[in-house]
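Take a look at the structure set out below.
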Amino acid sequence: MGKVSLLISFTAGLLSFFSPCILPLIPAYISYISGISTKELTSKNIAPAFTGKIMLSSLIFIAGFSVIFVGMGATATSFGKLISSHMVIFRRIAGIVIIIFGLHIAGWLKLNFLYSEKRFQTKNRSGLFGSFIIGIAFAFGWTPCVGPILAGILTYAATQQTVVKGIQLLSVYSLGLGVPFFLTGIAMGSFFKLLRRIKKYFHLIEIVSGVFLIIIGILIFRGSLSFVFQS
């Protein structure tokens, strides 16, 4: 698979992380999966044992949502293979769908069904297994936040010729979402400073994310994406 396609998937993951309805809640997620209060997380003298616990809990949480996203990628590619004889038509439909998602993310088109937020809560959390379950719930629950961008990557995955390529795309997407989450966990104090600085740019981030999807959608519709990836 072309390096550019993987870079696009990684960028999509980063944009998902910085979406306005995920980024402010990251400290709460890290606090919940680690069992450490936000006050302790932001302490300058955080105990080394806490740091290790945060890192391990974060990795298990990331593994939870990655399993779901990668599974979605494999399923999307399998579906695409079933309709391979109509791939040109499917590619154009996929392009249009991604463009529509881009318009929604940028705030230029309102799609009410994408505002239907579903959060899965789990009260009986037990250690690392609980972190994995919460990661799975995160993958299913935050539809308005990661939905349009994730759907764009999944739609492109459906145009791939092999399931392996779909898995690669969604693995790299999960990496793009997971790396900043992990780094946030081990540098919570710096994260709060960053959050205060970029809060005023949330709308700009939405527009950039939307334009990103629109460009990808146009390239897929025109059949130009493979040319870009090979260049």
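Coordinate-derived values only; no laboratory data. Every value quoted in this text rests on a predicted model; they were computed, and no experiment measured them. Every residue, glycine as well, gets a Cβ built from its backbone with ideal geometry; the counts of neighbours run over all protein chains shown.
Fewest neighbouring Cβ atoms within 10 Å first, the residues Met55, Met188 line up as Met55, Met188. Rounded to whole numbers, the Karplus 3J(HN,Hα) couplings from phi for the stretch 52-61 are x, 5, 4, 4, 5, 4, 5, 5, 5, 4 Hz, using 6.51 cos²θ - 1.76 cosθ + 1.60 with θ = phi - 60°, and x at Gly and Pro. Here the residues Leu41, Leu194, ranked from fewest to most Cβ neighbours within 10 Å of their Cβ, fall in the order Leu194, Leu41.
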